[in-house]
Amino acid sequence: MHLFLAYYHNPSTTYETLEQKAIEFQGLKGTAVHTLAEAFVGDYARAEANFLLQIIQEQGRKRDAELLFKACVVNHRLKENVSEQLLETFGKLHYKPAYEMLYYYALEALQPKDYYTNLYAVFGLIAYQPKGLEEVIKKAIATTFRQTFFCEYLPALALLLPPNDAIAQPIYDSYINHCAVDCSAGYKMALKHLEQHKPKDDSLYEKAKLEGLL
């Protein structure tokens, strides 16, 4: 049994303690990570089950991803009450059968009401590092232009594009002219990545910083 489960199954352990222990165990190589996956499958509706995923996505292996996929996914969609964070976990474990699901939630389910599903799918797809999606990603990011609210982290898919891509300019324009302050994190991540190799005086990211937007 993984040592984290001694805290997880103890009813006297506070949420804050579980949060702290999950961070500690992420950096400690365990020999029984599969028992964390088994615990998640048996208890995935519990809020604290997310802490299991935080450790699994750093230390898990294919066998853990297989177990989670079989128990928590139906027809390439998450089962009801399964944490959206599982999407990021599949991406970090580079689990190929989950790719279709990551693609759907990151690039097709783009309604603002799908905030957390899209967020974790975006981070999962970024971790997965798929190839050949440049045009699809640009098209998806373009759906956010001139919008006030959207799936906030969708533009972060620009991390899968090469730096200096021309989409940085419309991202910047939409960011400063339309985007709500509390819906801008994905734009910031995109600009930081796309403009990373430009001289400071030419960088749209640095320009946004000077204008007090970052």
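Below is a table of values for the structure above.
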quantity	calculated
The range 1-127, relative contact order [Cα under 8 Å, separation at least 6], %	21 percent
Pairwise Lys count, the range 119-214 - Cα closer than 23 Å, eight or more residues apart or different chains	19
10 Å-binned pair-distance histogram of the chain (Cα, whole percent)	8, 31, 29, 22, 9, 1
Once exposed loop GluC sites (Glu not before Pro) are cut out (DSSP; at most 13 other Cβ, 10 Å), longest piece of the chain	109-210
Distance (nanometres) between label positions extended 7 Å along Cα→Cβ at Asp202 and Arg77	4.7 nm
Length-normalised contact order for the chain - Cα pairs under 8 Å, 6+ apart - percent	13 percent
For Ala109, net neighbour charge (Lys/Arg +1, Asp/Glu -1) across residues whose Cβ lies under 12 Å away	-1
In order through the range 153-166: 3J(HN,Hα) via Karplus (6.51 cos²θ - 1.76 cosθ + 1.60), integer Hz, x for Gly, Pro	8, 3, x, 5, 4, 4, 5, 8, 9, x, x, 6, 4, 5
Candidate lysines - alpha carbon under 16 Å from Lys21, same-chain residues fewer than 8 apart omitted	Lys29
Length gained when the stretch Asn177-His9 is fully extended (0.36 nm per residue, less Cα-Cα span)	55.5 nm
Heavy atoms of His94: accessible area, 1.4 Å probe, square angstrom to 10	110 Å²
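The values are calculated or read from the model by the stated rules, or taken from the named source; none is laboratory data. Every value quoted in this text rests on a predicted model; they were computed, and no experiment measured them. No Cβ is skipped: glycine too gets one built from the backbone with ideal geometry, and neighbour counts run over all protein chains shown. With ligands, DNA and RNA removed, areas are computed over all heavy atoms of the protein, side chains included. Shrake-Rupley method; radii C 1.70, N 1.55, O 1.52, S 1.80 Å.
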